[in-house]
Amino acid sequence: MSYFFYIVSSLCLITCQTALLPRLGFVGHFFDLLLPWVIYLAAFRPVHETPSFVVFIGVLMDTLSGGPFGLYLTSYVWLFIAVRLSAVIVRTENPILLVLILISAVAWQNGLFFLVLDLTGTGMHSNADWIRVVSVQIGWVLLTGPLIAVGMRQAERLTRRRARKITVHPAGDES
C-alpha cells in the first residue's frame, strides 16, 4: 500500500510542478515541490522502503526537466542522505526545524543547479539572478513551509497510528 502511495504522490507532485505551477503567473519562482517530499521520506519513513522512490523521482524529473541528466537525481539523493543523517541527531518532528531544513535544501539545490549550469555553459546567470531566485524561493518556503511541516507531522502520526493498529489487530484476526 505504501509503495502505491509513494508512486501516486510523486507523480501528482511532478505533474503539479511541471504542468500546473508554470501556468500560474503569480507564483513566480516557486521552490521544487519534491524537496518537502524527499525530506518527509528521509525523516519519517523507514530506510528500507524509500531510497528507490528518491531515485525514481530524481530520474523522472531529470527526464522531464530538459536540463543536464542527473541534476535532480544528485540533488535528491544527497538531500535524502543529509536529512537521514541529521534525523539521527535532531528531532525532525519540530516544525521550525523542518522549515529550516527546507530552506537549506532550497538554497543547496539552487546552488547546485546554478553551479552545474554555469560549468556546462548553458546558464548565463549573474550572482544577482541567483540571489533573487533563491530569495523568492525562500520567501515561498517561509509562507508555505509551516503548513508543509505540520502536514508532514500529521502524515507521520497517522501512518504510525495505522501501523500500530495493523500490528495489534492483523487482518483476518477476529479476536
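Just so you know, in the stretch 50-67 the residues that are in contact with a Leu (Cβ under 8 Å, 6 or more places away or on another chain) and more than 21 Å from residue 21 (Cα to Cα) include one that is surrounded by the most Cβ atoms within 10 Å (Cβ to Cβ), and it is 54. The single condition among (1) small (Gly, Ala, Ser); (2) surrounded by fewer than 21 Cβ atoms within 10 Å (Cβ to Cβ); (3) at pLDDT 85 or above; (4) under 14 Å from the mean Cα position of the chain (by Cα) that residue 9 does not satisfy is (3). Selection of the stretch 138-152 for residues being out of contact with any helix residue (DSSP H, G or I) (no Cβ under 7 Å at 6 or more places or on another chain) and surrounded by 13 or more Cβ atoms within 10 Å (Cβ to Cβ) yields 139, 140, 144, 151.
Residue 156 meets each of the listed conditions (1) touching a helix residue (DSSP H, G or I) at 6+ places or on another chain (Cβ under 7 Å); (2) of a type outside the set (Phe, Trp, Tyr); (3) closer than 23 Å to residue 96 by Cα; (4) modelled with pLDDT of 75 or more apart from (4).
Here the stretch 123-137 is the region considered, the condition is being exposed (fewer than 11 other Cβ atoms within 10 Å of the Cβ) and in a loop (DSSP other than H, G, I, E, B), and the residue that is modelled with the lowest pLDDT is 124.
The values are calculated or read from the model by the stated rules, or taken from the named source; none is laboratory data. Since the structure is predicted, the reported quantities are computational estimates derived from the model, not experimental observations. Using ideal geometry, Cβ is built from the backbone for each residue, glycine included, and neighbour counts are taken over all protein chains shown.
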